[in-house]
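Heads up: the structure comes next, in structure tokens.
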Amino acid sequence: MSAQVFSGIAVSELDVDVLPDVEALYRDGITARKGAFTKAWADRLGEDVHAAFEDALSRPGGAVGRGPNRFYVEIHPEQIRGFVDLVEHPWVRSLCTATLGPDYRIVELGFDVPLEGAVNQPWHRDFPIPDETRRERRLTSLAFNVTVVDTAEDMGPFEIAPGTQWDESPEFEHGMFPPRSHYGRYQGRAVRKFPQRGDISARTALTIHRGTTNRSAKPRPVLILGIDGPEANNGNRHDTAVTRAYWDALPERVRRHLDCPVVDELTPLTQKHTIEGLVMGDA
């Protein structure tokens, strides 16, 4: 492990040494880079997310519920000014390469917004364990989260149960929702995260987690960047696209990883990444 990371890529081939982060992903299911961007950059991202959220709420199917007063919105890369900054960040590029290999694909861009009154979600993972992970204990996708606000205790922080990415049981509904009889395990391990503007986290969406109750009057928007390795098929759940002019202006190495259609004109997205078990929230 001193010379190579899990994908077989030598540390010397990466922009930055992310070996400790890869080890944290496999051990805990989550890692983070504090202060990856300036607060001003995060504030610009917040402006773009707010505009996209207002637009999504104005259209039927523009946002999908993830529980009471909690929404998910998928967007196109052109809707945020910092897309290239994010996917070209040395830590993001290096972690994707080290964990998933050099042929990783950018398949999702969206955001979650817990509003005032959002309640605890049920403990869950975002999709069932892939066969490669089950057989080989190998991660095949990553989710990067970027907050656009400074998270406080009363804002419904993200809560995760480290080390539970390998948990599996026939009792899991749809392979994603552990039964209440398992909740003690997750509550005993639970760690709440309080990212600040400019921070980035990366996790496997298999680690059991939930959003918690937002008791403040403030929304807590979080941008999500979804990355697949060669075997993963999470892109099938998403409809991200770019225009030809935007595609042509992208750096070549971003185009190499961006797995989406190139179109003449963008179509407003109708959300299809529904997770039915989250709609009602949890006690």
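The values are calculated or read from the model by the stated rules, or taken from the named source; none is laboratory data. The structure displayed is predicted, hence computed values, not measured ones. So basically every Cβ, Gly included, is an ideal-geometry build from the backbone, and we count neighbours across all protein chains shown.
A single entry from LEU266, LEU225 fulfils the requirement of being closer than 21 Å to ALA51 by Cβ, surrounded by fewer than 19 Cβ atoms within 10 Å (Cβ to Cβ) and of a type outside the set (Lys, Arg): LEU266.
State whether one or more residues within the stretch 199-219 are of a type in the set (Gly, Ala, Ser) and more than 24 Å from ALA51 (Cβ to Cβ).
yes
Is one or more of the residues making up the stretch 116-124 part of a helix (DSSP H, G or I) and under 26 Å from GLY175 (Cα atoms)? Within the stretch 116-124, none of the residues are part of a helix (DSSP H, G or I) and under 26 Å from GLY175 (Cα atoms). Exactly one of these conditions fails for LEU139: (1) touching a Ser or Thr at 6+ places or on another chain (Cβ under 7 Å); (2) surrounded by fewer than 19 Cβ atoms within 10 Å (Cβ to Cβ). Give me its number. Unmet condition: (2). Considering every residue within the stretch 155-168, establish whether at least one is under 14 Å from the mean Cα position of the chain (by Cα) and either over 22 Å from ILE224 (Cα atoms) or at pLDDT below 95 (or both). Checked against the condition, which is being under 14 Å from the mean Cα position of the chain (by Cα) and either over 22 Å from ILE224 (Cα atoms) or at pLDDT below 95 (or both), the stretch 155-168 yields no hits at all.
Scanning the stretch 163-187 for residues that are crowded, with 18+ Cβ neighbours inside 10 Å and either in contact (Cβ under 8 Å) with a residue 60 or more places away in the chain or aromatic (Phe, Trp, Tyr) (or both) yields THR164, GLN165, PHE172, MET176, PHE177, TYR186.
Residues checked against (1) aliphatic (A, V, I, L, M); (2) part of a loop (DSSP other than H, G, I, E, B); (3) in contact with a Lys or Arg (Cβ under 6 Å, 6 or more places away or on another chain):
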position: GLU159; (1), (2), (3): no, no, yes
position: GLY175; (1), (2), (3): no, yes, no
position: ALA202; (1), (2), (3): yes, no, no
position: THR207; (1), (2), (3): no, yes, no
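Within the option set ASP17, ASP48, ASP55, being under 18 Å from the mean Cα position of the chain (by Cα) and either at negative phi or not hydrophobic (A, V, I, L, M, F, W, C) (or both) holds for one residue only, ASP48. Screening ASN69 against (1) at positive phi; (2) in contact with a His (Cβ under 6 Å, 6 or more places away or on another chain) leaves a single unmet condition, (2). Restricting the stretch 13-72 to residues that are basic (Lys, Arg) and touching a helix residue (DSSP H, G or I) at 6+ places or on another chain (Cβ under 7 Å), the residue that is surrounded by the fewest Cβ atoms within 10 Å (Cβ to Cβ) is ARG33.
If you go through the stretch 194-221 and keep only what is closer than 11 Å to MET155 by Cβ, under 18 Å from the mean Cα position of the chain (by Cα) and of a type in the set (Lys, Arg), you end up with just ARG220.
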